[in-house]
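The block underneath contains the structure these notes are about, expressed in structure tokens.
The values are calculated or read from the model by the stated rules, or taken from the named source; none is laboratory data. Being a predicted model, the structure only gives us computed values, none of them experimental. Reconstructed Cβ throughout: ideal geometry from the backbone, glycine too, with neighbour counts over all protein chains shown. Quick note on the areas: whole protein, heavy atoms, side chains included, nothing else; ligands and nucleic acids left out. Shrake-Rupley method; radii C 1.70, N 1.55, O 1.52, S 1.80 Å.
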Amino acid sequence: MRVDLFDFDLPEERIALRPAEPRDSARLLKVVPGAPPEDLTVRDLPSLLRSGDVLVFNDTKVIPAQLKGVRRRGEATAQVEATLHMRIGPDRWLAFMRPGKRIAEGDRIHFGHDGNSCFLGQLDAMVLEKREGGEVLLGFDVSGPFLDEALHSVGHIPLPPYIASKREDDERDRRDYQTIYAREEGAVAAPTAGLHFTPDLFAALDAMGVERRFVTLHVGAGTFLPVKADDTDEHRMHAESGTVSAETAAALNAARVRGRRIVAVGTTSLRLLESAAAQDGTVKEWSGATDIFITPGYRFKTADMLMTNFHLPRSTLFMLVSAFAGLDTMRAAYAHAISTGYRFYSYGDASLLFRQQT
């Protein structure tokens, strides 16, 4: 499909730089194909669900994956930045480097020269491979838990570019850019639909008899990459690693047999469920990397509803929601959201989408 079909104009002032306080006070746009959008708040979510419905959350935990450092090549040095996006070994990460043209295989990178690290103020790595689009494979001098400790010492919270271009990250972001149920470290971007949930909202959902299940998809920095191709067939998705446990798969299959609805909280949860599902919709225990790219015409096998934030124009995520609820439906919903002051992107408001019937 033509990528320009997924374009729209978004005023700068609609981009949220901080989340709503409290989190569940954010606005929620109910979107049902064939019906006018309905303005609600996240606190209204329990009233939209039924006893026995299952919410599926992504419990990945954001790590301080934004690194600033110095590239050394002989006597020559240059300031560089790395955004880690996928771990492929105890001491190895795929990363996007800026500026990419300053990087070559064999370069030594010294991260964290601000004195905050327990490793004498720096974390060293070597560029093992240089790939397309500024992507590299980094081999660090420490591995396993020692590397994790070093990243927490020298790294920054990897705020999305549309926020980072307007302000620096701070201590508040270490709390705000994390779901309250995050537990599996490895993401470099938050599963942002989940940021709206609070203990009070969980209590209200429990009282309604709504179930909670968890999957893990470590969101990569590739989620922010623009689609530069003119046609969706020419775009390459970056892989992300995830897991669906046997327990979660069994619970979702049992809910389906009972006629209950499955509600994916976030596009990451939905992408992982679709990766783990058989053609008949049965969810299997699953672990691995997925680069599933969902565009209109895709036949969903798992979720009946999707809770998600508002996404960038021409992005793979806007393509996904357009596949779920219909392109015309989503273009109308976004036009309504823009005209009525909804806040967009990672720290913005939410929508609850009902799947279009095909």
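Gln79 versus (1) in a strand (DSSP E or B); (2) surrounded by 14 or more Cβ atoms within 10 Å (Cβ to Cβ): which is the lone unmet condition?
The number of the failed condition is (2).
Quick check on this structure: which one of Gly341, Gly297, Gly326 is surrounded by fewer than 24 Cβ atoms within 10 Å (Cβ to Cβ), more than 17 Å from the chain's Cα centre (by Cα) and more than 24 Å from Ala229 (Cα to Cα)? Full working, then the answer.
Numbers: Gly297 fails: more than 24 Å from Ala229 (Cα to Cα); Gly326 fails: more than 24 Å from Ala229 (Cα to Cα).
Exactly one of Gly341, Gly297, Gly326 is surrounded by fewer than 24 Cβ atoms within 10 Å (Cβ to Cβ), more than 17 Å from the chain's Cα centre (by Cα) and more than 24 Å from Ala229 (Cα to Cα), namely Gly341.
Would you point out the residue of the range 300-314, among those that are open to solvent by less than 10 Å² (accessible area, probe 1.4 Å) and outside any strand (DSSP E or B), that is farthest from Asp7 (Cα to Cα)?
Of everything passing the filter in the range 300-314, Thr302 is farthest from Asp7 (Cα to Cα).
Within the range 255-272, can you find the residues that are part of a helix (DSSP H, G or I), open to solvent by less than 40 Å² (accessible area, probe 1.4 Å) and out of contact with any helix residue (DSSP H, G or I) (no Cβ under 7 Å at 6 or more places or on another chain)? Lay out the reasoning, then the answer.
Initially, the range 255-272 is screened for residues part of a helix (DSSP H, G or I), giving 255-257, 267-272.
Now drop any that are not open to solvent by less than 40 Å² (accessible area, probe 1.4 Å), which leaves 255, 267-272.
Scanning the range 255-272 gives Ala255, Thr268, Ser269, Leu270, Arg271, Leu272.
Taking the range 167-200 on its own, how many of its residues are closer than 26 Å to Ala250 by Cβ and in contact with a helix residue (DSSP H, G or I) (Cβ under 9 Å, 6 or more places away or on another chain)?
Within the range 167-200, the first condition is being closer than 26 Å to Ala250 by Cβ, and the residues that meet it are 179-187, 191, 193-194, 197.
The next check asks that each one be in contact with a helix residue (DSSP H, G or I) (Cβ under 9 Å, 6 or more places away or on another chain); those that pass are 179-182, 185, 187, 191, 193-194, 197.
Total meeting the criteria: 10.
Out of the range 291-307, which residues are touching a residue at least 40 places away in the same chain (Cβ under 8 Å) and in contact with a strand residue (DSSP E or B) (Cβ under 6 Å, 6 or more places away or on another chain)?
Selection gives Thr302, Ala303, Asp304, Met305, Leu306, Met307.
Filter the range 12-41 down to residues that are of a type in the set (Gly, Ala, Ser) and surrounded by 15 or more Cβ atoms within 10 Å (Cβ to Cβ) and give me whichever is nearest to Arg167 (Cα to Cα). Break it down stepwise before answering.
Step one: list which residues in the range 12-41 are of a type in the set (Gly, Ala, Ser), which gives 16, 20, 25-26, 34-35.
Add one more test, that the residue is surrounded by 15 or more Cβ atoms within 10 Å (Cβ to Cβ), and what stays is 16, 20, 26.
On the way: Ala16: 12, Ala20: 17, Ala26: 22 Å.
So, considering only residues that are of a type in the set (Gly, Ala, Ser) and surrounded by 15 or more Cβ atoms within 10 Å (Cβ to Cβ), the one nearest to Arg167 (Cα to Cα) is Ala16.
Residue by residue through the range 212-239, note down the ones that are open to solvent by 50 Å² or more (accessible area, probe 1.4 Å) and more than 16 Å from Asn58 (Cβ to Cβ).
Correct list: Leu225, Pro226, Lys228, Asp230, Asp233, Glu234, Arg236.
Scan the range 167-209 for residues that are over 25 Å from Arg261 (Cβ atoms) and acidic (Asp, Glu) and jot them down.
Within the range 167-209, Glu168, Asp169, Asp170, Glu171, Asp173, Asp176, Glu184, Glu185 meet the criteria.
Restricting to the range 42-75, count the residues that are open to solvent by less than 50 Å² (accessible area, probe 1.4 Å) and in a strand (DSSP E or B).
Number of matching residues: 12.
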